[in-house]
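What follows is a short report on a single structure.
The values are calculated or read from the model by the stated rules, or taken from the named source; none is laboratory data. Computed from a predicted model, the values in this text were never measured in an experiment. Ideal geometry is used to build each Cβ from the backbone, glycine not excepted, and the neighbour counts take in all protein chains shown. To get the accessible areas, we keep the full protein, side chains included, count just its heavy atoms, and leave off ligands, DNA and RNA. Shrake-Rupley method; radii C 1.70, N 1.55, O 1.52, S 1.80 Å.
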Amino acid sequence: MAFSYTSSFQDALAAIKREGRYRVFADIMRQRGDFPNAGLHTGSSFTTGGGRPITVWCSNDYLNMGQHPKVLAAMHEAVDAVGAGSGGTRNISGTTHYHVELERELADLHGKDAALLFTSGFVSNDATLSTLAKVLPGLIIFSDELNHASMIEGIRHGGTAKYVFRHNDMAHLEELLAAANPTAPKLIAFESVYSMEGEFSPTNAICDLAEKYGALTYIDEVHGVGLYGPRGAGVAARDGSMHRIDIVEGTLAKAFGVMGGYIAASAEIVDCIRSFAPGFISTTSLAPVIAAGTLASIRHLKESNVERERLAERAATLKKKFAAAGLPVMESPSHIVPLFVGDAKLCKSVSDALLKDHGIYVQPINYPTVPRGTERLRFTPSPAHSDAMMDALVAALDIVWDAHRLSRAA
């Protein structure tokens, strides 16, 4: 009897639906120049700015740079000058002067010799970590237990020895480092901001251990770059440890408001990844229009602190409003504002009710993004979220929270 492929797929989908963590995408259209307002598709065709009005509370475009006039103007200019696509991989015909300029700008941002662009932050982590394992025979990787899936996949794909240390636990990390072969190459991989908890890593303490035990440092600044430190260079720059970090990985899709990923490091490290990583070599390069928009965004944020200061104030204000309303806001020192739910089905039901009844869009965060039993709503206030929007959000959450008989304690 032939294997039943269809039933296997159906069973796999049924299992995640039973758990309440089946993912449903909201079909929305952001309105240029009017974020966080957007339109929700309701079955009829969109017109410009059409659809049911909603307020977006879960965008990773943290500084609204995806709407910034300088970014939009640069992208219009680039598409008019060179067209849409890049034409191929970087090795064949896909390197343009926009790519060269952007890599120089990123290297300068982090104070490194060189930088290398990828099509996404996921790819930059996966490609770089897996390639390092192949270029450095016998490499041992020490990975924070809450590292992003892209880092975990990259380490896995490298097939090298790895040890997972308890989240931000320096004593455990040192215990693992001390027990490792002292002559083996080592790398400590960690994030600057853990995006589901909103916690910072102790960058200087990690660098201290790396220097003590002869390890390289690899920091994922995806949720930190553009948002913290002088010129938006990230948490390590804010902490004064950037010069001690060997490899910085970041994204162009969050604070910079466009898309893509990158690493910045020494000329030798960058050249090795450029020369050996299949995830770079065999992938069509970013469209020039993307690179042009990102260039404009980075250059603006290197000079302007207005957006960062406004974001910090908005996040602090929302946390205070949640706390004053008795909502279970999880402790977070960063710009990320999570509300604890603790159940996958309830988390999705709350999210659905907010969208359906109140025009508030925030996605449920369930396993495997967070451990089971820690499901939450993750709010990302931006410079454009007003006090009136926050008050409307709190009022809606009060109604929905009580309707679902949810706990008010985080």
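With respect to the numbered conditions (1) assigned to a loop (DSSP other than H, G, I, E, B); (2) open to solvent by 40 Å² or more (accessible area, probe 1.4 Å); (3) in contact (Cβ under 8 Å) with a residue 60 or more places away in the chain, which one is the sole condition not fulfilled by Ser93?
All conditions are met except number (3).
If Leu286 passes every condition in (1) open to solvent by less than 30 Å² (accessible area, probe 1.4 Å); (2) without any contact (Cβ under 8 Å) to a residue 12 or more places away in the chain but one, which one does it miss?
Every condition holds for Leu286 apart from (2).
Can you work out which of the residues in the range 50-69 that are open to solvent by 40 Å² or more (accessible area, probe 1.4 Å) and out of contact with any Lys or Arg (no Cβ under 8 Å at 6 or more places or on another chain) is modelled with the highest pLDDT?
Looking at residues that are open to solvent by 40 Å² or more (accessible area, probe 1.4 Å) and out of contact with any Lys or Arg (no Cβ under 8 Å at 6 or more places or on another chain), I get Pro69.
Taking the criterion of being assigned to a loop (DSSP other than H, G, I, E, B) and crowded, with 23+ Cβ neighbours inside 10 Å, would at least one residue in the range 290-304 satisfy it?
Restricting attention to the range 290-304, the residues satisfying the condition of being assigned to a loop (DSSP other than H, G, I, E, B) are 304.
When the remaining residues are screened for being crowded, with 23+ Cβ neighbours inside 10 Å, the result is none.
No, because not a single residue in the range 290-304 is assigned to a loop (DSSP other than H, G, I, E, B) and crowded, with 23+ Cβ neighbours inside 10 Å.
So in the range 87-119, with the set limited to residues that are of a type in the set (A, V, I, L, M) and touching a helix residue (DSSP H, G or I) at 6+ places or on another chain (Cβ under 8 Å), which one is farthest from Pro278 (Cα to Cα)?
Leu109
Return the pair list, or none, for Cβ contacts closer than 7 Å from residues in the range 213-232 that are among the hydroxyl-bearing types (Ser, Thr, Tyr) to residues that are assigned to a loop (DSSP other than H, G, I, E, B) and open to solvent by less than 20 Å² (accessible area, probe 1.4 Å), at least 6 apart or on different chains.
Qualifying pairs under 7 Å: Thr217/Ile245; Tyr228/Gly234.
Could you grab me the full set of residues in the range 146-161 that are outside any helix (DSSP H, G or I) and over 20 Å from the mean Cα position of the chain (by Cα)?
Gly159, Thr160, Ala161
Taking the condition of being open to solvent by 10 Å² or more (accessible area, probe 1.4 Å) and of a type outside the set (Val, Ile, Thr), how many residues in the range 192-231 meet it?
22
Restricting attention to the range 179-205, which residues are in contact with a Lys or Arg (Cβ under 9 Å, 6 or more places away or on another chain) and assigned to a helix (DSSP H, G or I)?
Thr203, Asn204 - these are the residues of the range 179-205 that are in contact with a Lys or Arg (Cβ under 9 Å, 6 or more places away or on another chain) and assigned to a helix (DSSP H, G or I).
Basic (Lys, Arg) and either on the phi > 0 side of the Ramachandran plot or in contact with a strand residue (DSSP E or B) (Cβ under 8 Å, 6 or more places away or on another chain) (or both): which single residue out of Arg231, Arg238 fits that description?
None of the other options fit; the residue is Arg231.
Examine the range 128-135 for a residue that is within 30 Å of Ala78 (Cα to Cα), open to solvent by less than 50 Å² (accessible area, probe 1.4 Å) and either among the polar types (S, T, N, Q) or outside any helix (DSSP H, G or I) (or both), and state whether such a residue exists.
yes
Would you please name the residue that is nearest to the chain's Cα centre (by Cα), looking only at residues in the range 325-368 that are open to solvent by 40 Å² or more (accessible area, probe 1.4 Å) and without any contact (Cβ under 8 Å) to a residue 40 or more places away in the chain?
Per the stated criteria, the residue is Asp352.
Among Ala73, Ala84, which is the only one that is farther than 18 Å from Lys186 by Cβ and outside any helix (DSSP H, G or I)?
Ala84
Within the range 141-163, how many residues turn out to be open to solvent by 20 Å² or more (accessible area, probe 1.4 Å) and within 16 Å of Gly214 (Cβ to Cβ)?
2
Can you pull out the residues in the range 271-283 that are in a helix (DSSP H, G or I), open to solvent by 20 Å² or more (accessible area, probe 1.4 Å) and in contact (Cβ under 8 Å) with a residue 12 or more places away in the chain?
Asp271, Cys272, Arg274, Phe276, Pro278, Gly279, Ile281
Being at pLDDT 95 or above, within 18 Å of the chain's Cα centre (by Cα) and small (Gly, Ala, Ser) is true for just one of Ser124, Ser130. Which residue is that?
Matching residue, one of Ser124, Ser130: Ser124.
If we keep just the residues of the range 98-113 that are of a type in the set (D, E, K, R) and within 17 Å of Ala236 (Cα to Cα), which is surrounded by the most Cβ atoms within 10 Å (Cβ to Cβ)? Give the derivation first.
So in the range 98-113, the residues of a type in the set (D, E, K, R) come out as 101, 103-105, 108, 112-113.
From the residues that got through so far, the ones that are within 17 Å of Ala236 (Cα to Cα) too are 108, 112-113.
Details: Asp108: 15, Lys112: 22, Asp113: 14.
The residue in question is Lys112.
Under 7 Å by Cβ, and 6 or more places apart or on different chains, what pairs join a residue from the range 150-179 that is within 18 Å of Ser201 (Cα to Cα) with one that is aliphatic (A, V, I, L, M) and open to solvent by 40 Å² or more (accessible area, probe 1.4 Å)?
Correct list of pairs: His167/Leu146.
Could you please give the count of residues in the range 299-319 that are touching a strand residue (DSSP E or B) at 6+ places or on another chain (Cβ under 7 Å) and among the hydrophobic types (A, V, I, L, M, F, W, C)?
Residues meeting the conditions: 2.
Tell me which residues, restricted to the range 376-393, are open to solvent by 20 Å² or more (accessible area, probe 1.4 Å) and of a type in the set (A, V, I, L, M).
Correct list: Ala384, Ala388, Met389, Ala392.
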